[in-house]
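Enquirer: One structure, pasted below without further comment.
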Protein chains: 2
Amino acid sequence: MNNVQEESLRDQKKFRRRLQILEIARSIIATKGLRSLKVRDIAEAAGCSVGSVYNEFGDFDGVILTVNRETVQALTVRLGGVPADDPVRQLYGLAETYLEFFAEHANLLRSLFEHRMEDDRPYPDDILQMVMDAFALMHPPLVRLLPDADDVRIALLSRTLFSAVHGIISLGLEERMVAVPPQMLRQQVEQFLDAHLAGLGIVPAGAPSS
Amino acid sequence: MNNVQEESLRDQKKFRRRLQILEIARSIIATKGLRSLKVRDIAEAAGCSVGSVYNEFGDFDGVILTVNRETVQALTVRLGGVPADDPVRQLYGLAETYLEFFAEHANLLRSLFEHRMEDDRPYPDDILQMVMDAFALMHPPLVRLLPDADDVRIALLSRTLFSAVHGIISLGLEERMVAVPPQMLRQQVEQFLDAHLAGLGIVPAGAPSS
DNA sequence: GCTTGAAAATGAACAATGTTCAAGAAGAAT
DNA sequence: ATTCTTCTTGAACATTGTTCATTTTCAAGC
């Protein structure tokens, strides 16, 4: 029950190792991609046995899912840092920040969106919920911009916008598919928002409507 | 040199088996996902040895890539069947057809977009080219709708639209992520196009602009 | 400090799966 | 019929996820 004061030496080591394993796994995924992640590599880099990895995370998916979980958290933090002064600017800021984050951690994001579980075990609900929370960050600015829209419409719209921007960015950063230069991709996202917001009847605050 | 008339018995068997292997592989990917594709399962279902699979396709990626290649081809055929009478209707038709195709062959499309090569061997150029050809189908209607836009802008726009629609559909069909009901997804794609085309200054032909 | 019991760590062994290759079989060429 | 080429085979190998009996480590009680 009391879980703070008594940090046994054993628990400390366990916790330290847990963090170390996650850091190593994340580093491998980030630099060489999810496919290159091997239990033995993790164990060797962490200076422990493969059994310890299993003892801590249950199975291999457990390691991956924990890394993915932390990726969404980091993303949410970054997106949460976008200024909420002007709703239009906020929407642009969210898209731009998502692009930055994706460009910096492309392989981690791919791990989050593309990893399939063994057999057909369900993807953990909490990660799903986290992703939804992340793109729920668009709700407030959208509500301010479309005061007459009901909640369902706002939710649908934010999902649409998120998915669309995600598509543009993820395919744009896919070297093999299209290979858009990063600076151009940024412009592409901006122009996309320009057109789409205009189509929704939203005009940028700072700019004249000509 | 002469490659048509002399169809040796050997070549016939080889070709038949090749088709059979591909059909089996495609069927497994389509029903159980790429992760469930195993060489031994293919060999057993095709009534041959694993060596024969390797002999025909080089390695495992070879099988997957060939299936992916045929998936893009099938997609291109389907998209090519969209009527080109009215450019606006054509754009809606392309999106709708993409949605249909994706819904019917979700796992095949995921295999196409998510499969990563072993190590970091490059993804085959021809598949890349085929995908680009597929979404180049949007060029003609866009040119008709935006006669003043230059080629670069058209290309950029078609890429953006394709990526956005792809994002909406692929995330929308991802049970684990959002789980949008198919009929609602269709409406979502339509509304997306409504807004975006309006933002580009394009008004539907059949409908009054009110 | 020693004993004891619980928790964790170990790593060898196992299982699943991609890959290779020497030997054999099958078809084509002469 | 013989030879030659090509394909096929499947056992063996390599890689990698997973398990588990054994050992080690640590905390608690005396």
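The values are calculated or read from the model by the stated rules, or taken from the named source; none is laboratory data. Given the structure is predicted, the values throughout are model-derived calculations rather than measurements. Glycine also receives a Cβ, built like all others from the backbone with ideal geometry; neighbour counts cover every protein chain displayed.
Enquirer: What number of residues within the stretch B:174-193 are within 12 Å of chain A (Cβ to nearest Cβ) and in a helix (DSSP H, G or I)?
Expert: Here the count works out to 9.
Enquirer: Here is a follow-up. Applying the selection to the stretch B:31-77, what residues are within 14 Å of chain A (Cβ to nearest Cβ) and among the small types (G, A, S)?
Expert: Within the stretch B:31-77, B:G33, B:S36 meet the criteria.
Enquirer: Are any of the residues in the stretch A:51-70 among the hydroxyl-bearing types (S, T, Y), farther than 25 Å from A:M138 by Cβ and within 8 Å of DNA strand C (Cβ to nearest atom)?
Expert: yes
Enquirer: Going through the stretch A:61-93 one residue at a time, which ones are surrounded by fewer than 17 Cβ atoms within 10 Å (Cβ to Cβ) and within 16 Å of DNA strand D (Cβ to nearest atom)?
Expert: Answer for the stretch A:61-93, where residues must be surrounded by fewer than 17 Cβ atoms within 10 Å (Cβ to Cβ) and within 16 Å of DNA strand D (Cβ to nearest atom): just A:G62.
Enquirer: Something else: For the condition at pLDDT 90 or above, at the interface with another protein chain (Cβ under 8 Å from one of its Cβ atoms) and touching a Lys or Arg at 6+ places or on another chain (Cβ under 9 Å), what is the one hit in B:L156, B:L171, B:L146, B:L200?
Expert: One residue alone meets the criteria, B:L171.
Enquirer: Continuing with this model, one more query. Consider A:N55 against the criteria (1) closer than 25 Å to A:L193 by Cα; (2) assigned to a helix (DSSP H, G or I): it satisfies all of them except one. Which criterion is unmet?
Expert: (1)
Enquirer: A further question on this structure: Going by the structure shown, is A:I24 more than 13 Å from DNA strand C (Cβ to nearest atom), assigned to a helix (DSSP H, G or I) and either touching a strand residue (DSSP E or B) at 6+ places or on another chain (Cβ under 9 Å) or within 14 Å of another protein chain (Cβ to nearest Cβ) (or both)?
Expert: no
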